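Trainee: Sharing a structure here in structure tokens format.
The values are calculated or read from the model by the stated rules, or taken from the named source; none is laboratory data. Not measured: the values here are computed from a predicted model. Here Cβ is always computed from backbone atoms with ideal geometry, including for glycine, and neighbour counts include all displayed protein chains. Quick note on the areas: whole protein, heavy atoms, side chains included, nothing else; ligands and nucleic acids left out. Shrake-Rupley method; radii C 1.70, N 1.55, O 1.52, S 1.80 Å.
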Amino acid sequence: MNIMTPSEIKNNCTVLKTSSFKSTRMVTNEYNSLFSIHDTIIYKDEVLELCYRDNEEYVYIIEGEGEIYDYNTQNHYKLESNTIYHVSKNDKHRLTAKTNLRGICIFTPACRGDVEHDEYGSY
């Protein structure tokens, strides 16, 4: 069993800030190879084009409103508190934050804490 207290999370996590989002990487491949956990805020009015080549992602929206567009199906989906979405490897998608949009992201396999999106929106 492993317990991470709030102070341990704060002292051991990696925080990545860009002009579009802030991502606190709480559990990374340093701790676990199966999945990583990120607490991410996409700032109001930001749009992210993403397509993860090597990871699947599950996101539980805990605050805010936004939209996800699935390029494969050409469908738009509303994102709001208590919504969960999943993207598989190579699922190109666009996230639009109508307000600050906060989600708990789980990536499998686990990501490095310092990883940043490349020009394709992937890790």
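Trainee: Per residue, how much accessible surface does region 1-58 expose to a 1.4 Å probe? Answer in Å², no decimals.
Mentor: 63
Trainee: Continuing with the same structure: Considering the convex hull of the alpha carbon atoms of the chain, report its projected area averaged over all viewing directions, in nm², one decimal.
Mentor: Its Cα hull, projected and averaged over all orientations, spans 7.4 nm².
Trainee: Indicate the gyration tensor shape class of region 28-90 (rounded, prolate or oblate), computed on the Cα atoms with a ≥ b ≥ c the square roots of the eigenvalues: a/c under 1.5 is rounded; otherwise a/b larger than b/c is prolate and the rest oblate.
Mentor: Oblate.
Trainee: Just the accessible area per residue of region 61-123, please: how many Å² with a 1.4 Å probe? Write down the numbers at each step before the final one.
Mentor: On the way: 3560 Å² over 63 residues.
In whole numbers, region 61-123 has 57 Å² accessible per residue.
Trainee: Exposed loop sites here are GluC sites (Glu not before Pro) in DSSP loop states with at most 16 other C-beta atoms within 10 Å. What is the longest stretch of the chain lacking them?
Mentor: In the chain, the maximal stretch lacking such sites is 31-115.
Trainee: With the full set of protein chains in place, find how many percent of the accessible area of the chain is carbon and sulfur; take the probe as 1.4 Å.
Mentor: So the carbon and sulfur contribution to the accessible surface is 48 percent.
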